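The values are calculated or read from the model by the stated rules, or taken from the named source; none is laboratory data. Since the structure is predicted, the reported quantities are computational estimates derived from the model, not experimental observations. Cβ sites come from the backbone with ideal geometry, for glycine too, and all protein chains shown count toward neighbours.
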Amino acid sequence: MIGSARQAAAQSADTPGGDSREHLLGIGAAAEKTGVSQRALRYYQQLGLITPCASTPGGLRRYSEDDLARVGRIRQLQQLLGLNLDEIAVVLRGEDRMAEIKLAYQDEGTSRDKRQALLRESLDLQLVLRATVEAKRQGIEGFLADLDARIGKTQAYLDQMDASVKAPESGDADGTAGSQS
């Protein structure tokens, strides 16, 4: 998997004598930079949404720029699409698999038949993602329709009240305008 390869490379770079060019952050700095709490980072890890690329010999988590970008993606899926963490896990697994498919497809040793199978798998993953987004869109449209109906009712009540206040102004208190006996 891509995450495992990235994690192994970062761990070897973080060992004594390793040539680490990437600056790794501790959990506090990573939380601050991503705008989430340390507890959220730990929870995302517990759910398998992120895997810190390295850890110290004492077990402290270390986060790379790729890890921070993944946290940003999680937040984007939460805020933009309103996905819950279970739905986000499905999306991220699909995106991870599509990245693996892309690498396998681009490999010169991949046969035409294998490439075709990879494209079919990628298409299936994209269709699942689209269905997830479509379900959210339909939910939002339903919510907006309900809200529009309530706005319409409230506006109608307000219009009725305005009309009933204006009607007596054009006539006498008994509603007979200008009629004298």
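Considering (1) among the basic types (Lys, Arg); (2) surrounded by fewer than 11 Cβ atoms within 10 Å (Cβ to Cβ); (3) modelled with pLDDT under 95, say which one ARG150 fails and leave the rest.
(3)
Can you tell me which residue within the stretch 103-127, out of those that are loosely packed, with under 14 Cβ neighbours inside 10 Å and in contact (Cβ under 8 Å) with a residue 24 or more places away in the chain, is farthest from GLY82 (Cα to Cα)?
LEU103
Every residue in the stretch 89-148 that is charged (D, E, K, R) and not in a helix (DSSP H, G or I), please.
In the first step, residues of the stretch 89-148 are kept if they are charged (D, E, K, R); the result is 93, 95-97, 100, 102, 107-108, 112-115, 120-121, 124, 130, 134, 136-137, 141, 146, 148.
Answer for the stretch 89-148, where residues must be charged (D, E, K, R) and not in a helix (DSSP H, G or I): ASP107, GLU108.
Is there a residue being free of Cβ contacts under 8 Å to residues at least 40 places away in the same chain, crowded, with 16+ Cβ neighbours inside 10 Å, touching a helix residue (DSSP H, G or I) at 6+ places or on another chain (Cβ under 9 Å) and farther than 18 Å from VAL128 by Cβ anywhere in the stretch 88-97?
No: the stretch 88-97 contains no residue that is free of Cβ contacts under 8 Å to residues at least 40 places away in the same chain, crowded, with 16+ Cβ neighbours inside 10 Å, touching a helix residue (DSSP H, G or I) at 6+ places or on another chain (Cβ under 9 Å) and farther than 18 Å from VAL128 by Cβ.
Does THR51 qualify as being surrounded by 13 or more Cβ atoms within 10 Å (Cβ to Cβ), under 22 Å from GLY28 (Cβ atoms) and not charged (D, E, K, R)? Please lay out each step first, then the result.
Values: surrounded by 13 or more Cβ atoms within 10 Å (Cβ to Cβ): yes; under 22 Å from GLY28 (Cβ atoms): yes; not charged (D, E, K, R): yes.
Yes: the conditions hold for THR51.
Tell me, please, whether a residue that is of a type in the set (A, V, I, L, M), over 16 Å from TYR43 (Cα atoms) and not in a helix (DSSP H, G or I) can be found in the stretch 62-79.
no
Among the candidates GLU100, GLU65, single out the residue that is in contact (Cβ under 8 Å) with a residue 60 or more places away in the chain and charged (D, E, K, R).
Values: GLU65 fails: in contact (Cβ under 8 Å) with a residue 60 or more places away in the chain.
Exactly one of GLU100, GLU65 is in contact (Cβ under 8 Å) with a residue 60 or more places away in the chain and charged (D, E, K, R), namely GLU100.
Could you please tell me which pairs satisfy a Cβ distance under 6 Å, a separation of 6+ or placement on different chains, a first residue in the stretch 37-55 that is at pLDDT 90 or above, and a second residue that is aromatic (Phe, Trp, Tyr) and surrounded by 14 or more Cβ atoms within 10 Å (Cβ to Cβ)?
Going by the 6 Å Cβ cut-off, the qualifying pairs are ILE50/TYR44.
With (1) closer than 23 Å to ASP66 by Cβ; (2) exposed (fewer than 12 other Cβ atoms within 10 Å of the Cβ); (3) of a type in the set (Asp, Glu) as the list, and GLU134 as the residue in question, which single condition is left unmet?
Here GLU134 meets the rest and fails (1).
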